[in-house]
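A short write-up of the structure that comes next.
The values are calculated or read from the model by the stated rules, or taken from the named source; none is laboratory data. No experiment lies behind these values; they were computed from the predicted model shown. With ideal geometry, Cβ positions are generated from the backbone for all residues, glycine too; neighbour counts draw on all protein chains shown.
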Amino acid sequence: MSKTYYIGTFIHSLTLTTLEIVEHGIICVSNGIIRSIQRMGEDYSESDSTLPPSAFLQKLGHDNNNAQQLTIRIIPKNHFLFPGLIDTHIHASQYPNLGIFGKTTLLEWLNKYTFPLEASLTDPAKAKRVYRQCVQRSLRNGTTTAAYYATQSARSTNILTDVLIDLGQRGFVGRCAMDSDLQPKWYRDESPKAAKDDTSACVGYCKEADQSGRVRGIITPRFAPSCSRDTLSNLGRLLADGEQDGLLCQTHISENKNEVELVKQLFPECSSYAHVYDVHNLLTPRTVLAHAIHLTEDEIALIKSRECGVSHCPTSNMALGSGSLWVRHLLDEGVKVGLGTDVSGGYDVNVLEAARMACLVSRGVAEGGKGERSKISVEEALWLATRGGAEVLGLGGKVGGLEVGMVWDVILVGADEVPVDQDGEEAEKMLNGVHHDHDGKQTKIGGKVDFFGWETWEEKLAKWLFSGDDRNIRAVWVGGELVCRK
Ligand SMILES: [Zn+2]
């Protein structure tokens, strides 16, 4: 069995508030699974890495008789391995509209910008172009797992499945079920039966197309106002039928105050928005609820008791003026929380943008009366972007951390230092972000964030979180496979 040893710095979340930073680590990966992790500490010297591979590993106590099947990757200085980022909520079909929202709020925004674009993706060539660009951008930004919404069209949704399989990202693909009279006539499911059949067909398509389970279908009632009662019930039944397979469900909840009012009018028999989903058996440990900003305490208790996960999408919430989620309260209540970019309510596919916005929004929430404790720290934001997202998507213990037995869904992050000689060619290249061969071994790309070399690792992480972008992501692996290298 071939093995790859990654030697260098690795960082990951241990708990919500604690990161583990290991400067001299050796991680052994085979068949896409982490087999061993060694933390070398003081007994490591730089010259060790110049030994022949087998001698080097023997010195470190690794028994390997077959050096042919051995690959060693030395992580360059000022680079670190980090778990791949997890986007728990993204609409691939809205990708071309990034940044286009004007002054609209949710319900106007849907009709003005979103539905027309989504409906136009019944053109397969257009759908493929949009989806490929979206998924590639997402991967280049370090997202190794994403929960996608496609469109109402089954055909267009299956194109997204094909794209994900082709590009190698781990993901969930949801066809938007939407059959209510509130939907425009030109963009809706014909009937509850059509909504159910097309949903089943798309879930089945994923299963057929990717037997590895890396890309899976997900039940997706768009949101309560988009769906008839029959459709909600039918999807609840599909979700129950898929329990053995770990089938997930995703939808939106309590994003905007007008939407909450609308749900009250549309479902007068229900005591709350969460109750609408609950009576249709859509609240389960396999359910991902996006936004959850304006929930009542009773709704939070209900969601907690059903063990649903919440996708916090602060970038989108600020862009559409939806409100500020009190994340600390959900975490204190024991609700699973991850981060979502919510493209294109959110204006960036980068999960780090959502992470930094989670920090900023939480400061607004604290200042607005919820108190100091409400502030989200760098460590917490990075936990939400990795471990938190994994839990929300039912992948806890599998991805989101660096532990023996977990899958190698990992990113290589570069934190290049500003050259000492500011007049030299190096400084110019870094400013311009030019590809650069360093000692004939590594490729280096300057980014927006400048590291000076005196920062602690904690400080480097904070700088990366707040100012980093795709230029800092140098390699992306999913299931042990290199899916993006720059
Ligand atoms: Zn959304």
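Key figures for this structure:
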quantity: Any hit, region 244-252, residues being touching a residue at least 40 places away in the same chain (Cβ under 8 Å), surrounded by fewer than 24 Cβ atoms within 10 Å (Cβ to Cβ) and either outside the structural domain of ASN158 (by TED's automatic domain parsing) or over 16 Å from GLN152 (Cα atoms) (or both); calculated: yes
quantity: Condition broken by THR143, with the remaining ones in (1) more than 24 Å from ALA355 (Cα to Cα); (2) surrounded by 24 or more Cβ atoms within 10 Å (Cβ to Cβ) satisfied; calculated: (1)
quantity: For ASP348: the one exception among (1) in a loop (DSSP other than H, G, I, E, B); (2) within 19 Å of PHE223 (Cβ to Cβ); (3) under 17 Å from the mean Cα position of the chain (by Cα); calculated: (2)
quantity: Region 359-393 - residue that is within 16 Å of the ligand (Cβ to nearest atom) and among the hydrophobic types (A, V, I, L, M, F, W, C) and, of those, nearest to ASP409 (Cα to Cα); calculated: LEU393
quantity: Residue that is surrounded by the fewest Cβ atoms within 10 Å (Cβ to Cβ) [pool: residues in region 267-289 that are out of contact with any helix residue (DSSP H, G or I) (no Cβ under 6 Å at 6 or more places or on another chain) and touching a residue at least 60 places away in the same chain (Cβ under 8 Å)]; calculated: PRO285
quantity: Given (1) of a type in the set (Phe, Trp, Tyr); (2) surrounded by fewer than 24 Cβ atoms within 10 Å (Cβ to Cβ); (3) part of a helix (DSSP H, G or I), index of the condition TRP186 fails; calculated: (3)
quantity: Enumeration of residues in region 355-410 that are more than 20 Å from HIS89 (Cα to Cα) and under 15 Å from the mean Cα position of the chain (by Cα); calculated: none
quantity: Subset of region 4-25 that is of a type in the set (A, V, I, L, M, F, W, C) and buried (at least 21 other Cβ atoms within 10 Å of the Cβ) - its residue that is nearest to ILE376 (Cα to Cα); calculated: ILE11
quantity: Meets criteria (within 30 Å of GLY168 (Cα to Cα) and not charged (D, E, K, R)) for LEU302; calculated: no
quantity: Residue in region 241-259 that is away from the ligand (no atom under 15 Å from the Cβ), over 25 Å from the mean Cα position of the chain (by Cα) and of a type in the set (A, V, I, L, M) present; calculated: no
quantity: Hey, ARG363 touching a helix residue (DSSP H, G or I) at 6+ places or on another chain (Cβ under 9 Å), surrounded by fewer than 24 Cβ atoms within 10 Å (Cβ to Cβ), in a helix (DSSP H, G or I) and touching a residue at least 40 places away in the same chain (Cβ under 8 Å) or not; calculated: no
quantity: Top-ranked residue of region 311-335 - restricted to ones that are among the β-branched types (Val, Ile, Thr) and away from the ligand (no atom under 13 Å from the Cβ), ranked as surrounded by the most Cβ atoms within 10 Å (Cβ to Cβ); calculated: VAL327
quantity: Any hit, region 184-203, residues being at pLDDT below 95 and of a type in the set (A, V, I, L, M, F, W, C); calculated: no
quantity: Entirely in region 60-156, the helices (runs of 4 or more DSSP H) that have 3 or more residues that are more than 16 Å from the ligand (Cβ to nearest atom) and out of contact with any helix residue (DSSP H, G or I) (no Cβ under 6 Å at 6 or more places or on another chain); calculated: 115-120, 124-140
quantity: Residues of region 146-166 that turn out to be closer than 27 Å to GLY388 by Cβ and surrounded by fewer than 24 Cβ atoms within 10 Å (Cβ to Cβ), as a count; calculated: 1
quantity: Any chance VAL343 is closer than 24 Å to SER138 by Cα and within 15 Å of the ligand (Cβ to nearest atom); calculated: yes
quantity: Selection status of GLY171, within 21 Å of the chain's Cα centre (by Cα) and in a loop (DSSP other than H, G, I, E, B); calculated: no
quantity: Pairs where the first residue, in region 81-95, is crowded, with 24+ Cβ neighbours inside 10 Å and charged (D, E, K, R) and the second is part of a strand (DSSP E or B) and at pLDDT 95 or above, C-beta under 6 Å, 6+ apart; calculated: ASP87/THR143; ASP87/ALA146
